[in-house]
Amino acid sequence: METTGVTKITVEAVVKAPVDKVWNYWNQPEHITNWCAASDDWHAPKAENDLKAGGKFATRMEAKDGSFGFDFGGVYDQVKTNELIEYTMGDGRKVVVNFTSNGNETKVVETFDAESTHSIEMQKGGWQAILDNFKKYTEAN
């Protein structure tokens with residue numbers, strides 16, 4: 001039996017906020033639409049989230065000038081409040097997000113299966129930029 005290795009990419013950030021706030025800002029659509037973009041010329045005009053095993057999520061990501069956009073979504077495989085989210089994206093790739101509380105700080109670590117269209121560096125950079133935007137938004141609000 002032949003196995004094919006999937007390249008996994010990890011991004012992380014320490015957010016200066018307690019885990020319950022970080023969890024809520026990560027998962028509530030009214031917050032997702034404020035941080036889910038990799039750069040200032042992009043935005044997320046719509047987000048839906050049914051945060052439970054078997055629940056679905058969908059976020060619309062678009063260039064602010066309307067030149068390009070795409071839907072990012074999937075199905076939750078496992079959810080442990082304030083600790084862990086595992087999901088499968090629409091294209092079948094897996095993602096694991098860990099939340100580790102340390103008092104007034106929370107470490108967020110995302111590990112995801114790489115896709116084959118873009119370079120590993122580009123994928124890591126994009127996901128890290130979105131995570132950094134999340135950190136900035138959460139700490140400022």
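The values are calculated or read from the model by the stated rules, or taken from the named source; none is laboratory data. Predicted, not measured: the structure shown is a model, and the values here were computed from it. Cβ atoms come from the backbone with ideal geometry, glycine included; neighbour counts cover every protein chain shown. Note: areas computed on protein heavy atoms with side chains; ligands, DNA, RNA excluded. Shrake-Rupley method; radii C 1.70, N 1.55, O 1.52, S 1.80 Å.
For GLU105, are the conditions met, namely being within 27 Å of SER39 (Cβ to Cβ), touching a residue at least 60 places away in the same chain (Cβ under 8 Å) and under 13 Å from the mean Cα position of the chain (by Cα)? Taking the combined requirement at face value, the residue does not satisfy it. Among the residues of the stretch 96-116, just one is more than 16 Å from ALA17 (Cβ to Cβ), open to solvent by less than 30 Å² (accessible area, probe 1.4 Å) and touching a Leu at 6+ places or on another chain (Cβ under 9 Å), namely GLU110. Filtering the stretch 107-117 to residues that are out of contact with any helix residue (DSSP H, G or I) (no Cβ under 8 Å at 6 or more places or on another chain) and over 25 Å from ASN82 (Cα atoms) leaves SER116, THR117.
Yes/no per residue for (1) at pLDDT below 95; (2) surrounded by fewer than 18 Cβ atoms within 10 Å (Cβ to Cβ):
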| residue | (1), (2) |
| --- | --- |
| VAL6 | yes, yes |
| TRP23 | no, no |
| GLN28 | no, yes |
| GLY54 | no, yes |
